[in-house]
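The numbers here are math on the coordinates, done by the rules we state, and not lab data. Owing to the predicted nature of the structure, the values given are computational and were not obtained by experimental measurement. Heads up, the Cβs are rebuilt from the backbone with ideal geometry, glycines too, and the neighbour counts pull from every protein chain shown.
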Amino acid sequence: MTIDRTFKAISLVLSYPTRELQHAMPEIGGVLASDTRLTAAARRALRPLIEELGGRDIYDLQETYVGLFDRSRTLSLNLFEHVHGESRDRGGAMVSLVEMYREGGFDPATSELPDHLPMLLEFLSTRPFVEAQETLADAAHILEALNARLGRRESPYGAVFAALLQLSGAKADKAAVAELLEEPEMDPDDLEALDKVWEETEVRFGPDPNAGCPQVRDMLSRMDQPNTPTPQHAAE
């Protein structure tokens, strides 16, 4: 099986920072710097993040990651939160996504939810580029909203989402992006407010007789219907 090293590399860059990941940053940076599917400007924009992940104190990196992606629901890396929120539709979509992974021979060894972006990218790294590109195109407005929010925070992680948009070959729907950006951002240090937001209904992933096993584009076809997102704590 051929692995798309760029999708794999981006999956790792968006994963929770570890010392092992830090040690791999020179190789990961080399993969991203050599992919001509990205413009020279996009590759340059990724360098500050690669350098930071490779050289900054690991505890600072982990604190930054949690503050961005775990404490801020508007920056959630669980894509279906931006589509279905905590509605019942999300449970069915999760089941179908798991079945799609299994059909593709993909068995992720992680406690993250199936719609976690690093996991999806790892799966896409095993698929033909056209298929991966179509999947990213369906999520273009989510990627653009995340890029914009990270840009407001002056976070180098924004360059990753700009790169994914470029790989998708799509332009995000402006109205859909605007709707996502209307969601107010919450102070990640306001723990009491965060606890109230994180009171969520249980999402079940048991057998669903109506789930089926659609193709990738069918799985994410509702990504053009943004919904109010709700966060999911990271396992770490």
Next item on the list: Could you tell me whether region 31-138 comes out rounded, prolate or oblate from its Cα gyration tensor? Rule is a ≥ b ≥ c as square roots of the eigenvalues, rounded for a/c under 1.5, then prolate if a/b exceeds b/c, otherwise oblate.
Entry: oblate
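Multiply the residue gap between Thr18 and Ala178 by 0.36 nm, knock off their C-alpha separation, and tell me the result in nm, one decimal place.
Details: separation 160, 0.36 × 160 = 57.60 nm, distance 3.41 nm.
Net length gain for the segment: 54.2 nm.
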Check: What nm value, rounded to one decimal, do you get for the distance between Ile58 and Arg37 when each label is placed 7 Å out toward the C-beta?
Finding: 3.1 nm
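Tell me the net charge near Thr126. Cut-off is 13 Å between Cβ atoms, Thr126 excluded, with +1 for each Lys or Arg and -1 for each Asp or Glu. Don't skip to the answer; put the middle values down first.
Details: positive: Arg5, Lys8, Arg102, Arg127; negative: Asp4, Glu103, Asp107, Glu122, Glu131.
In short, -1.
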